[in-house]
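Structure first, commentary second.
The values are calculated or read from the model by the stated rules, or taken from the named source; none is laboratory data. These numbers were taken from a predicted model, which means no experiment stands behind them. A quick note on method: Cβ atoms are made from the backbone with ideal geometry, for glycine too, and the neighbour counts reach across all protein chains shown. Side chains are part of the model used for accessible areas, which takes the heavy atoms of the whole protein and leaves out ligands, DNA and RNA. Shrake-Rupley method; radii C 1.70, N 1.55, O 1.52, S 1.80 Å.
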Amino acid sequence: SIGVTLYPQDGSDAGQLMRHADQAMYSAKQAGKNCFRLFDTVLANASKVQLESIDNIISALKQHEFVLHYQPKVNMNTGAVIGVEALIRWQHPERGLVPPLEFLPIIEGHTISLELGEWVIGTALEQIKQWQTIGMHLPISVNISGYQLQQGNFATRIAALLAAYPEVNPSYLELEILETSVLHDISQVSATMNACHKLGVRFALDDFGTGYSSLTHLRRLPAQLIKIDQTFVRDMLEDADDCAIVEGVIGLAKAFRRDVIAEGVETIAHGVALLQLGCELAQGYGIARPMLGTNIPQWISNWKADESW
Ligand code: C2E
Ligand code: MG
Ligand code: MG
């Protein structure tokens, strides 16, 4: 029984790597021995916190325990708020607010993940409608799992969800797809995206730069917005390599005539550096943390871009 862990993806110090290899070996043994297992960071994080069963998540959806928080996306140059990203949380009766990476990996690939995904889109459309009634016109971007996007009827489902909200302009809905989500068949995915495009919906490529074939994705997938992954942004001030990646992605976006936004902008200094590199759009704790929809209007009326921007 062999456990495999990869440096540097799975951990950076020797002790942690040994623990991970050990854990992977344990799961090789559990799988019947005489085989090997790769350490999986996402699964390991999920199992650290008490493992939730799929049944619990199904009943949580029935009990209305899921909520969306919204994180503003801004133009640091003009000071405009260009939209918000919807981020799901589980308002757990005992555990409090549970972040998405503690429950989404458990249901990925199960039908409940499709139901939850549609709940997110429906709730976001309802929120756009609510904000419109108070005169606020704000686009919402929603994260879509690779599994959901690769359902044969994805575009039809989006059309049905939009049809339930005739007062919402489809261009106010943006779908974020993870660069790393296993895109088995890139031509099928690109056809699905084109079909959604015809409905008026826009796309963003999330966590850009972390995939295996970023250039192919950029060329073949009709996404208007590229989101520079936060790991590159976070370290760009100290790490010349990360800074070079950020600069490279900004250049690629320009060359392909796409918009580009930096995620994980934690400080004013990050914003200054990004503006110098030609990236005006940003999202991150340095601007605002994700918050309840009811708090967004007030946040918008108070927010001003930093003077050094
Ligand atoms: P993401 O789409 O890349 O979203 C950004 C994540 O980074 C969010 O974490 C956000 O709270 C966090 N973040 C924002 N600014 C900063 C910052 O300045 N510093 C740091 N360290 N973090 C920042 P969150 O909400 O825990 O979501 C994690 C991931 O879970 C998301 O990454 C997305 O891939 C997934 N996710 C969230 N909501 C949904 C959903 O409704 N459906 C699906 N399929 N996935 C979702
Ligand atoms: Mg996202
Ligand atoms: Mg991201």
Handout entry: Debye log10 I(q)/I(0) at q = 0.11, 0.19 Å⁻¹ for the stretch 62-206, Cα point scatterers
Key = -0.42, -1.25
Practice task
Please give the peptides 18-27, 279-288 ranked by average Cβ packing (other Cβ atoms within 10 Å per residue), highest first, as a rough proxy for protection.
Solution key: 279-288, 18-27
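Using a 1.4 Å probe on the protein heavy atoms, what percent of the accessible area of the chain belongs to carbon and sulfur?
Numbers: 8290 of 15610 Å².
Ligands and nucleic acids excluded, carbon and sulfur reach 53 percent.
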Exercise for the section: Provide the FRET efficiency to the nearest 0.05 for the Thr133-Asp13 pair, computing r from the beta carbons and using R0 = 51 Å. Expected result: 0.45
Practice task
Name the helices (complete DSSP H segments) of the chain with a Cα length along the long axis of 27 Å or more and a Kyte-Doolittle mean of at least -1.0, or state none.
Solution key: 111-133
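At 1.4 Å probe radius, can you tell me the per residue accessible area of the chain in Å²?
Values: 15610 Å² over 309 residues.
So the chain comes to 51 Å² accessible per residue, rounded to a whole number.
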Problem - Per-selection Kirkwood Rh - the stretch 125-267 (Cα, Å, 1 d.p.) - result: 16.1 Å
Practice task
Compute the distance in nm between two label points, each set 7 Å from the Cα along the Cα-to-Cβ direction, one at Tyr26 and one at Asp239.
Solution key: 2.8 nm
